[in-house]
Amino acid sequence: MKVQIEISNDTLQTIMDGKRVEGALRLMPSDGKKRPVISFNAYNRKPYKRPKEHVLFYLEHGRVTESPERIKMYESVPKRLGTAYVGRVFQREAKTASEELKVKSEK
């Protein structure tokens with residue numbers, strides 16, 4: 001039994017380029033005189049795009065950013081400064097960030 005498969009030109013070109021195409025195969029109703037027809041409909045999905053983070057302010061060794069759900073603090077301190085100094089830098093930067101956020105929230 002021969003089966004006819006309907007596919008759009010765009011989808012066929014994508015397959016010919018060697019790319020993967022996700023979609024659904026459906027058996028179309030026939031009147032009995034024709035051969036069965038299977039239709040392939042490619043999913044028309046949009047790729048996920050991460051929302052961009054906005055920089056609120058810069059610190060001496062990092063920055064504080066805001067995303068739709070979180071406020072993030074990034075720090076980057078050279079290892080050569082030593083563990084004790086790095087700990088103090090982290091505390092000082094966290095205190096500075098906290099004060100800046102309080103000032104921004106009051107405005």
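The values are calculated or read from the model by the stated rules, or taken from the named source; none is laboratory data. A quick note: this is a predicted structure, and the numbers were derived from the prediction, not measured. Reconstructed Cβ throughout: ideal geometry from the backbone, glycine too, with neighbour counts over all protein chains shown. Side chains included, ligands, DNA and RNA excluded: accessible areas come from the protein's heavy atoms. Shrake-Rupley method; radii C 1.70, N 1.55, O 1.52, S 1.80 Å.
Using 28 Å as the Cα-Cα cut-off, could you pick out the over-long pairs in K52/K79; K49/K79; K49/K107; K72/K107; K46/K107; K52/K104? Mind showing how you got there, number by number?
Numbers: K52/K79 30 Å; K49/K79 34 Å; K49/K107 31 Å; K72/K107 20 Å; K46/K107 38 Å; K52/K104 20 Å.
Over 28 Å apart, Cα to Cα: K52/K79; K49/K79; K49/K107; K46/K107.
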*asked:* Helix-only estimate, please: 222 nm mean residue ellipticity of the chain, summing -39500 (n - 2.57) across DSSP H runs of length 4 or more and dividing by its residues, to the nearest 500.
replied: -10000 deg cm²/dmol
_If I histogram all Cα-Cα distances within the chain using bins 10 Å wide from 0, what percent of pairs lands in each bin?_
11, 23, 14, 10, 11, 15, 9, 5, 1
*Do any chymotrypsin sites (Phe, Trp or Tyr not before Pro) in the range 4-65 lie in a loop, going by DSSP, with at most 16 other beta-carbon atoms within 10 Å of their beta carbon, and if so which?*
Y43, Y48
*asked:* Need one value: the accessible area of I38 in square angstrom, 1.4 angstrom probe, rounded to the nearest 10.
replied: 50
*For the range 12-68, what is the convex hull volume of the alpha-carbon atoms per residue, in Å³?*
136
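For a protection proxy built on the mean count of beta-carbon atoms within 10 angstrom, sort 85-94, 20-29 highest first, please. Let's see the in-between values first.
Details: 85-94: 13.9, 20-29: 10.1.
Highest mean packing first, the order is 85-94, 20-29.
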*Starting from the Cα of E69, step 7 Å along the direction of its Cβ; do the same at E6; then give the gap between the two resulting points in nm.*
4.1
*Solvent-accessible area per residue, Å², over the range 51-95 with all protein chains present [probe radius 1.4 Å]*: 79
*With point charges of +1 on the Cβ of Lys and Arg and -1 on the Cβ of Asp and Glu, referenced to the Cα centre of the chain, which listed residue (M28, L59, V103) lies farthest in the positive direction of the dipole?*
M28
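What is the percent carbon and sulfur in the accessible area of the chain, measuring with a 1.4 Å probe over the protein chains and ignoring ligands?
Carbon plus sulfur share of accessible area: 51 percent.
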*Report, as a whole number in µm² per second, the diffusion coefficient that Stokes-Einstein gives for the range 53-107 at 10 °C and 1.306 mPa s using the Kirkwood radius over alpha carbon pairs.*
133
_Length gained when the stretch V37-K79 is fully extended (0.36 nm per residue, less Cα-Cα span)_ = 8.4 nm
*Relative to the first principal axis of the alpha-carbon coordinates of the chain, what is the inclination of helix 83-106, with its axis defined by its Cα atoms, in degrees from 0 to 90 and to the nearest 10?*
80
